[in-house]
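J.: I'd like to ask you about the structure that follows.
The values are calculated or read from the model by the stated rules, or taken from the named source; none is laboratory data. What you see is a predicted model; the values in this text were computed from it and never measured. Please note: Cβ atoms are built from the backbone with ideal geometry, for glycine as well, and neighbour counts cover all protein chains shown.
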Amino acid sequence: MMNQAQFTYPPPPNLLPVKEGKNVFRVCPSSQEGRAELFSTEGVVKHAARCVVTSCLALMVGVIFDAHLFAQQETIYMSVLNSRKHRLGALDNPTVGLFVSTDAGLTWRHKGWEYTRAFYTESGPDGTIWSACGNGVHRSTDGGATWRITTGWEITEVLKVKVNPVNPATVYAATGYGIFKTTDSGETWQEKNAGFRKAFTSDVVIDRTNGSLLFAGTEEGIYRSTDGGNRWLPVDAKAKGVRTVVQDPHRTQIFWAGTDDDGVVVSRDAGKTWKSANLGPQHLTVYTIAFDPAVSGVVYAGTHGGGVYRSLNDGRTWKQCTQGLNNMVVHSLLVMPSNPRIILAGTLNGGLYRSTDGGDHWVFNSQEEGQVWGLSVR
Amino acid sequence: MGLVGAMKRSSVILCLILFPALFGVSQGQSSFEQRRLRLIDVISGERDKGFFTVTAKFLAGKDKEFALQMLDSLTTDESIGGMFYSYAAIGCYLTLHDQLPDSLNRKIRQAFRDRTMYRGDTENHWVMYYTGIYLAAQTWPNEDRSQWFNGKSSEENFEEAEGWLNQWIKITSTTGQGEFDSPTYFITFITPVLTLYEFAKDPVMKRKAQMMADLIFADFAVEHLKGNYCGGHSRDYPEDIINPLAAPAALWAWLYFGEPKLELWQETRFRPRHRGGWETVIGAISSYRLPDIIFQIATDRSKPYVHTETKRVRNVIRFGLEKNPPVFKYTYMTSHYALGSLQGGILQPIQQHTWDVTYVSDKPNNTIFTLHPFYSGKELAMFFPEEQKFLADEVDRYHKIYTNPNKWNSSSPYEQTFQHRNAIVILYSIGKDAMHPHIDGFFPKNLDERVEDTSGWIFCRAGATYVAFYPLKPYQWIEEDVNWRWRSKELKNGVVVEVGSLDEDGSFEQFKQRITKGKPEFKGFDKKLTVQYETRSGHHMKFTFNGERILNGKQVKLTDYRFFNGPFLQGDRRSGVIKMTYKDKVRALDFNTVSIKE
């Protein structure tokens, strides 16, 4: 908390510029909960989510007291599979693949190959970036400047890649042909499909407190492994066509899954038993689930046809949050850790939307007609 | 290699390419030499931007400056890339690099470092991609990971490409192609295979490529009729399905089989849809020579024959327990027509063509067939990893027609066939929830005759070919541009078709008389879904949807089909040995020992 500027909140309605070095910041009243965003003229965003604005005077005189609020930088990874604008053989096809943002999604830079079909990307604790792509698992160890396809012809149609949070050399890939695992940062991969009747796997999640405990979302339901993927056993979740499995960020025993036709299911005992946490009868296809990192029990779901749903009570009831959302097929969601009021929603063929009020309102952000398949942050 | 060496090598290549007659040409195909030179000449005059056009221009010594500009553009335009690019680029480089300025050669090399060479997601994509990678890694060995677009070293790239090509050759020669017998995608297999044959330094890989070229051509030859790729296909575009000589494979038939006799590029009625790609130049410049036995198999239609074969469904990744279920294919070939079919069901997504009769004609649209225009996200999700509720819309965007009720290609779980020689029974049991609850039939407008007989048969004549078509249920005719669309909206449905010809039946009237002596028996069809029919040759066929196929009282087991079985091509599944026979000639491809025996 050192070097923290103190401002009052809310800031004045007419935002005044604040200088810090070369940057001129404006404080934006994006939140009703005592948070502010600072936008700079050079694209730098101060992660002001937790700053407390105590002095209008500071703004008015254009001074920030040692304005490096929080030095941590959040990098968002957006995987764009394709674009509806794409035409076979056309010379002006939009660039797809990986885009990154370091200003909470305000601006984006493309990284890597221009026309790679990227499903999902995430960065490990060692800074290595992993991309799940149609042509294998891609790895960059220099922030996305150069890449290597770590897999050969045996591994293809990779839908998710997940890095062990403790041992970043261990990575799992969920593919159309099952689960594959590397323990040497992608130099070699092993198939880990023992126990699956059908191998098609959309997602895999690693328990952040126990790297040997895994859950896989498969065509036939949720599978659980307690030995790092060596053996899988189905769980009794009564949900097939599992598209996503995630661990609750607040309670390690809780896992959530989104399915093709069975809505949301949740386990509160580390995956032993599962119950429905349905959104209601209308939209039972759930591609993505995200959480408010600050408030336990606030859950978001991206659906096919219903846009974004939000629950404030741990999945007991849900409310549709679609104002401003012009595409109702939401495949990826990201709640900014530093400011949970900022949420990104990636749609299929509608591009990326951004909310600055916890999902109440959405504004189109980028990737016109793009298929924003995956979002992650580190 | 020094300049003199390079010039010598270049001269030798040019001599081999342009004057192979000096080095001996296989008997019976001397006209091939004329056709290939004609093709190089024609393509060299084209302005379409592509590696094949560049290659033709250089070899013909025509428009070299323009060709250089074109090549420069191909190597600097970063929006071009992927699997179509990789094999064509390296093929062009390996053919021409001695004649290209160093700057262009460097740019081609650079493309393999900087360009997005995406692998794609279909069998033909991978053949093109790995052929390109194999040859590029062979050409630029011992280079580290930083020198390649995918971060792999030359050795890693070579090993991966070689590994995949070997397993593709193995599965194709033992259980069949996934994208089998496609009049359109034929080019995306034969062209990289010939490129691999031309430039692979490893004699084993070179031999394998030669054997694969033999296999692909032989597989085409047994179902070839005057330029038409007949019968059922894994994948084809509707424009080609309703106009078979418009398919890209027809140009390859012209080049290698000498049929049709027309120069297709000059015939707007048969204008090959992919003509702009001019991939055939790879055949025209290749040192590969079609074995004479395949030429004979492709062109001798003096005796009718039955040919059966098995192929495989492309990789099923969801909603199935078998990764590559078998496809059973039946073709009856005569000098006038071919009647061919797949067993029905979902064997390929999107572009399946299940059955047809294709006849010899100097008119376009020389085919008759039916289908159920099925589509579903679940069908696509069997083969693609994306969301099933999103896939139909996505595929429709590329193929334009996937969800269209009037489409002319479809795989439907509600369609099944049973063929015996020149008779076929096609049954439909369309689900109540099907998006398009009707079946359609394609009848060209340019038929010489189309008669609705009071017996219930519809008779058609196209030149010397006769078709008898018996619908089980009421139907209507819809007039369209080049065809009549026969449509029936009954969910429990079917047609029985017999095909004949001047040679088999005499006059059209005689054919009609023979046919009208009988008609299908289908009492209680809506419950039993069974049809019985005695062909005009006296063969009794009994077929039940989702049930047995019975011929003359004996059950026909499709699983008994061999890999290839017919007078010209034989082999057993998983044996790895395919034998071609023609009169007293034999040519056996033994993929186990990578050898050819004659």
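J.: Filter region A:201-233 down to residues that are free of Cβ contacts under 8 Å to residues at least 24 places away in the same chain and away from chain B (no Cβ under 14 Å) and give me whichever is farthest from A:Tyr300 (Cα to Cα).
T.: Among those residues, the one meeting the criterion is A:Asp227.
J.: Among the residues of region B:155-172, is any within 30 Å of B:Asp356 (Cα to Cα), touching a residue at least 40 places away in the same chain (Cβ under 8 Å) and among the polar types (S, T, N, Q)?
T.: yes
J.: Which ones in region B:117-128 are touching an Asp or Glu at 6+ places or on another chain (Cβ under 9 Å) and closer than 12 Å to A:Gly134 by Cβ?
T.: If the condition is that a residue be touching an Asp or Glu at 6+ places or on another chain (Cβ under 9 Å) and closer than 12 Å to A:Gly134 by Cβ, then B:Asp121, B:Thr122 are the ones that fit.
J.: Ok, one more. In the list A:Tyr287, A:Tyr300, A:Tyr309, which residue meets the criterion of being part of a strand (DSSP E or B), within 23 Å of A:Tyr120 (Cβ to Cβ), without any contact (Cβ under 8 Å) to a residue 40 or more places away in the chain and not polar (S, T, N, Q)?
T.: Among A:Tyr287, A:Tyr300, A:Tyr309, only A:Tyr309 is part of a strand (DSSP E or B), within 23 Å of A:Tyr120 (Cβ to Cβ), without any contact (Cβ under 8 Å) to a residue 40 or more places away in the chain and not polar (S, T, N, Q).
J.: A further question follows. Name every residue in region B:427-447 that is of a type in the set (Asp, Glu) and either under 18 Å from B:Ile242 (Cβ atoms) or buried (at least 19 other Cβ atoms within 10 Å of the Cβ) (or both), in order of residue number.
T.: Across region B:427-447, the qualifying residue is only B:Asp440.
J.: Applying the selection to region B:488-525, what residues are assigned to a loop (DSSP other than H, G, I, E, B), surrounded by fewer than 21 Cβ atoms within 10 Å (Cβ to Cβ) and hydrophobic (A, V, I, L, M, F, W, C)?
T.: B:Leu491
J.: Which pairs have Cβ atoms under 6 Å, sit 6 or more apart or on different chains, and link a residue in region B:383-396 that is among the small types (Gly, Ala, Ser) to one that is buried (at least 22 other Cβ atoms within 10 Å of the Cβ)?
T.: Listed by first residue and then by second, the contacts come to B:Ala392/B:Tyr375.
J.: Tell me which residues, restricted to region B:301-324, are surrounded by fewer than 24 Cβ atoms within 10 Å (Cβ to Cβ), in contact with a strand residue (DSSP E or B) (Cβ under 7 Å, 6 or more places away or on another chain) and assigned to a loop (DSSP other than H, G, I, E, B).
T.: Passing the criteria: B:Arg301, B:Pro304, B:Asn324.
J.: Does region B:287-313 hold any residues that are under 24 Å from B:Asp240 (Cβ atoms) and small (Gly, Ala, Ser), and which are they?
T.: If the condition is that a residue be under 24 Å from B:Asp240 (Cβ atoms) and small (Gly, Ala, Ser), then B:Ala298 is the only one that fits.
J.: Next question, about the same structure. Quick one: which strands (runs of 3 or more DSSP E) sit completely within region B:339-457 and have at least 3 residues that are under 23 Å from B:Lys311 (Cα atoms) and hydrophobic (A, V, I, L, M, F, W, C)?
T.: Output list reads B:423-429.
J.: Restricting attention to region B:123-159, report how many residues are within 11 Å of chain A (Cβ to nearest Cβ) and either in a helix (DSSP H, G or I) or under 23 Å from B:Ser79 (Cβ atoms) (or both).
T.: The number of residues fulfilling the criteria is 14.
J.: Only one of A:Asp142, A:Asp126 is more than 18 Å from B:Asn150 (Cβ to Cβ), surrounded by fewer than 19 Cβ atoms within 10 Å (Cβ to Cβ) and at pLDDT 95 or above. Can you tell me which?
T.: A:Asp126
J.: Report the residue count in region B:527-540 for those that are of a type outside the set (S, T, N, Q), surrounded by 13 or more Cβ atoms within 10 Å (Cβ to Cβ) and farther than 20 Å from B:Ile458 by Cα.
T.: 4
J.: Still on this structure, please answer the following. How many residues are within 14 Å of another protein chain (Cβ to nearest Cβ), part of a loop (DSSP other than H, G, I, E, B) and surrounded by 21 or more Cβ atoms within 10 Å (Cβ to Cβ) when one looks only at region A:328-353?
T.: The qualifying residues number 2.
J.: Scan region B:76-94 for residues that are within 14 Å of chain A (Cβ to nearest Cβ) and assigned to a helix (DSSP H, G or I) and report the count.
T.: So the count comes out to 6.
J.: Let me ask something else. Does region A:251-274 hold any residues that are more than 18 Å from A:Val205 (Cα to Cα) and surrounded by fewer than 18 Cβ atoms within 10 Å (Cβ to Cβ), and which are they?
T.: Passing the criteria: only A:Asp261.
J.: Another question about this same structure. As an exercise: evaluate B:Arg450 against (1) out of contact with any Cys (no Cβ under 6 Å at 6 or more places or on another chain); (2) surrounded by fewer than 20 Cβ atoms within 10 Å (Cβ to Cβ); (3) not aliphatic (A, V, I, L, M) and give the number of the one condition it does not meet.
T.: Status for B:Arg450: all satisfied but (1).
J.: Which members of region A:212-245 meet the condition of being under 15 Å from A:Gly258 (Cα atoms) and not in a loop (DSSP other than H, G, I, E, B)?
T.: A:Phe215, A:Ala216, A:Gly217, A:Thr218, A:Gly221, A:Ile222, A:Tyr223, A:Val242, A:Arg243, A:Thr244, A:Val245
J.: Check off (1) without any contact (Cβ under 8 Å) to a residue 60 or more places away in the chain; (2) away from every other protein chain (no Cβ under 14 Å); (3) assigned to a helix (DSSP H, G or I); (4) surrounded by 17 or more Cβ atoms within 10 Å (Cβ to Cβ) for B:Arg106 and give me the number that stays unchecked.
T.: So B:Arg106 meets the others, but not (4).
J.: Cβ-Cβ distance below 8 Å, separation of 6 or more or different chains: which pairs start in region B:561-588 with a residue that is surrounded by fewer than 19 Cβ atoms within 10 Å (Cβ to Cβ) and end on one that is at pLDDT below 95?
T.: Short answer, once both residue conditions are applied: B:Lys585/B:Glu598; B:Val586/B:Glu598; B:Ala588/B:Glu598.
J.: Could you grab me the full set of residues in region A:133-151 that are within 9 Å of chain B (Cβ to nearest Cβ), of a type in the set (Gly, Ala, Ser) and assigned to a loop (DSSP other than H, G, I, E, B)?
T.: A:Gly134, the sole residue that qualifies.
Residue-wise test of (1) crowded, with 18+ Cβ neighbours inside 10 Å; (2) in contact with a strand residue (DSSP E or B) (Cβ under 9 Å, 6 or more places away or on another chain); (3) within 19 Å of B:Ile426 (Cα to Cα); (4) among the β-branched types (Val, Ile, Thr).
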{"site": "B:Ile458", "(1), (2), (3), (4)": "yes, yes, yes, yes"}
{"site": "B:Tyr470", "(1), (2), (3), (4)": "yes, yes, yes, no"}
{"site": "B:Asn483", "(1), (2), (3), (4)": "yes, yes, no, no"}
{"site": "B:Trp486", "(1), (2), (3), (4)": "yes, yes, yes, no"}
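J.: Follow-up. Going by the conditions given, is B:Thr172 surrounded by 20 or more Cβ atoms within 10 Å (Cβ to Cβ) and either part of a helix (DSSP H, G or I) or more than 14 Å from the chain's Cα centre (by Cα) (or both)?
T.: yes
J.: Only one residue in B:Pro203, B:Pro183 is more than 14 Å from chain A (Cβ to nearest Cβ) and either among the charged types (D, E, K, R) or buried (at least 21 other Cβ atoms within 10 Å of the Cβ) (or both). Which one?
T.: Step by step, each of B:Pro203, B:Pro183 is checked, and only B:Pro183 is more than 14 Å from chain A (Cβ to nearest Cβ) and either among the charged types (D, E, K, R) or buried (at least 21 other Cβ atoms within 10 Å of the Cβ) (or both).
J.: Taking region B:468-510 on its own, how many of its residues are of a type in the set (S, T, N, Q) and under 21 Å from B:Asn546 (Cβ atoms)?
T.: Residues in region B:468-510 being of a type in the set (S, T, N, Q) and under 21 Å from B:Asn546 (Cβ atoms): 2 in total.
J.: Based on this model, can you work out whether A:Lys181 counts as under 30 Å from A:Asp142 (Cβ atoms), more than 14 Å from chain B (Cβ to nearest Cβ) and charged (D, E, K, R)?
T.: For A:Lys181, the condition - under 30 Å from A:Asp142 (Cβ atoms), more than 14 Å from chain B (Cβ to nearest Cβ) and charged (D, E, K, R) - is met.
J.: Test B:Tyr398 against the criterion of being hydroxyl-bearing (Ser, Thr, Tyr) and either surrounded by fewer than 22 Cβ atoms within 10 Å (Cβ to Cβ) or farther than 20 Å from B:Phe545 by Cα (or both), and give yes or no.
T.: The answer is yes for B:Tyr398.
J.: How many residues, within region A:168-178, are away from chain B (no Cβ under 14 Å) and either over 23 Å from A:Ser123 (Cβ atoms) or touching a residue at least 60 places away in the same chain (Cβ under 8 Å) (or both)?
T.: 0
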